[in-house]
1. Counting just the residues of the stretch 84-109 that are of a type in the set (A, V, I, L, M, F, W, C) and either touching an Asp or Glu at 6+ places or on another chain (Cβ under 6 Å) or more than 13 Å from Q120 (Cβ to Cβ) (or both), which one comes out surrounded by the fewest Cβ atoms within 10 Å (Cβ to Cβ)?
2. Do you know which residues across the stretch 83-128 are within 19 Å of D35 (Cα to Cα) and small (G, A, S)?
3. Filter the stretch 30-84 down to residues that are part of a helix (DSSP H, G or I) and among the basic types (K, R) and give me whichever is nearest to N96 (Cα to Cα).
4. If you check A100, A88, which single one turns out to be assigned to a helix (DSSP H, G or I), at negative phi, modelled with pLDDT of 95 or more and touching a Lys or Arg at 6+ places or on another chain (Cβ under 6 Å)?
5. For the stretch 141-148, state whether one or more residues are under 21 Å from L32 (Cα atoms) and at pLDDT 75 or above.
6. Being more than 23 Å from T41 (Cα to Cα) and surrounded by fewer than 21 Cβ atoms within 10 Å (Cβ to Cβ) is the filter; apply it to the stretch 55-73 and report the residue that is nearest to the chain's Cα centre (by Cα).
7. What's the number of the only condition in (1) at pLDDT 65 or above; (2) buried (at least 16 other Cβ atoms within 10 Å of the Cβ) that I23 fails to meet?
Amino acid sequence: MATTHDRAVLQAIFNPTSPIGDIPGLSQEEELIDDDSGFDTELLRQVKGLEMRGVSAAEAGDLQAALQLFSEAIQIVPLRASAYNNRAQALRLQGNTAEALADLDRAVSLSGGAGRTACQALVQRGLLRRLAGRGSESVRSPVQQNAVGGHQQTTKPGGVKDTVVGGLLLLRLCCFEFCGE
C-alpha cells in the first residue's frame, strides 16, 4: 500500500507540470521553514526586504544590483543563511561557480543543514557540482537527507538513491520559492 508521501512523489514524477496543490497528500503544514528566532526583528525585516529587492533585480536581469543587495543583507545579518543562498544563485547566473559554491557551503553551515534555505542550498550545490563534473560530491548521505527533510526516511538496497534528482523532487514537493519567504 502506497503512503501519502509515495503518492505525492509519484504525482510529481508523472505529472511534473501539475500545480503543487494538485499533489495528493501534500500538507502545507509540513513545509520547511528557517529558524529566524535568534535575529533582531527589525534587522530581519530589513534584510528580508533587501533580499526581495535582490530577487526582483535578478529576475529583471540586473545581476550586479542583485549581488549588491544580497551582500548588503549579509553585512547587516552575517549569520543568516538565506542571503548567502540567494547571492549564490546570482553568482551562478553570472558564471561565477567558485564563489557560488563558497556561498552555498556557508548557507548550509549557517543553517545547520536544516530548513528551507539548507534544502535549497544543498540542491543548488549538488547541481553545480554535477555540472562541474564532480557528480560524486553531489550525492548526500541519508543523515543529511533526514536533516533537510525534517522527517525520517529509509533507504532500501537497490531503491532510489538520494541524488540531485531526489533533491529536485524534494524541492518541488516542498513548494520552495527563490527567496525563502
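1. Per the stated criteria, the residue is A98.
2. Across the stretch 83-128, the qualifying residues are A83, A107, S109, S111, G112, G113, A114, G115, A118, A121.
3. The residue in question is R53.
4. After ruling out the rest, the residue left standing is A100.
5. No; the residues of the stretch 141-148 include none that is under 21 Å from L32 (Cα atoms) and at pLDDT 75 or above.
6. It comes out as E59.
7. (1)
The values are calculated or read from the model by the stated rules, or taken from the named source; none is laboratory data. Just so you know, these numbers come straight off a predicted model, no measurement behind them. Heads up, the Cβs are rebuilt from the backbone with ideal geometry, glycines too, and the neighbour counts pull from every protein chain shown.
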